[in-house]
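Rule-based calculations on the coordinates, nothing more; no lab input. Here the structure is a predicted model, which means the values were calculated and not measured. As a convention, Cβ positions derive from the backbone with ideal geometry for all residues, glycine included, and neighbour counts pool all protein chains shown.
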Amino acid sequence: MRNLSAYKGEREAASKALARPASKFSGDRTALLTQLQDALYAGTILTYAQGMAQLRKASKAYAYDLELESIARIWRGGCIIRATLLELIRAAYQAKPDLPNLLLDPALGQAVMARQENLRAVVRAAAEWGIAAPALMGSLGYFDAYRSAWMPANLIQAQRDYFGAHTYERNDAKGTFHTQWEKA
């Protein structure tokens, strides 16, 4: 988004050539503001969950010995972030230093669960109105993927099989398969 912001002239031309969807907001403004507030809070927790999980993995892979509780405490005392949410994150890692993901902390996980419908509503509205909201959309995608016991990786396998005959697995039969896609 930061890169796109630099292309103001191109975006102005694109806005004329590539019309936005015609639908507009006609609902309850107060309800929408509550949805936006919840979506932003949930999205922020999800962003921290992703970032802290990456730090945890990097620490393990490269023997950094990072203490995520200390990182949250340092960020909380910094001059840029200072978010109150960091105190909840610090508390989560204080209670369980080996926490694999902030979403597994009862308080933070529940905070996202309680706001997920409003996050979905905002993402849905943004898509319907043609408003770019990549961080919220990405956060929702991460949330749905992280809590999913089954991932649609077989779709990726099917694409790889189509383009390079790499085979794929199926949910309904054991073994690996290859399809003659041009004949199917």
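Miscellaneous remarks
- Each principal axis of the Cα cloud of the chain was taken in turn, and the coordinate range along them, longest first, works out to 62, 48, 33 Å.
- In the distance distribution for the range 73-112, Cα-Cα pairs more than 17 Å apart total 30 percent.
- Computed on the range 51-147, the Cα convex hull volume stands at 120 Å³ per residue.
- When you work out D = kT/(6 pi eta Rh) for the range 37-94 at 37 °C and 0.692 mPa s, using the Kirkwood radius from C-alpha pairs as Rh and the Stokes-Einstein form, the result is 276 µm²/s.
- Around residue 176: net Lys/Arg minus Asp/Glu count, Cβ-Cβ under 14 Å: 0
- Charge tally for residue 120 (other residues, Cβ to Cβ under 14 Å; Lys, Arg +1; Asp, Glu -1): -1.
- Cα centre as origin, Lys/Arg/Asp/Glu Cβ charges: the chain dipole, Debye: 380
- Mean Cβ count within 10 Å, highest first, over the residues of peptides 101-113, 37-49, 165-177: 37-49, 101-113, 165-177
- Distance from the C-alpha centroid of the range 157-184 to that of the range 1-56: 37 Å, rounded to the whole angstrom.
- Point-charge dipole on Cβ atoms (K/R +1, D/E -1) for the range 48-122, about Cα centre, debye to 20: 160
- Remark: relative contact order (the range 28-146) = 36 percent; criterion is Cα-Cα distance under 8 angstrom and separation of 6 or more residues.
- Helices that extend 24 Å or more along their long axis by alpha-carbon positions and average at least -0.5 on the Kyte-Doolittle scale are, among the DSSP H runs of the chain, 29-62, 106-129.
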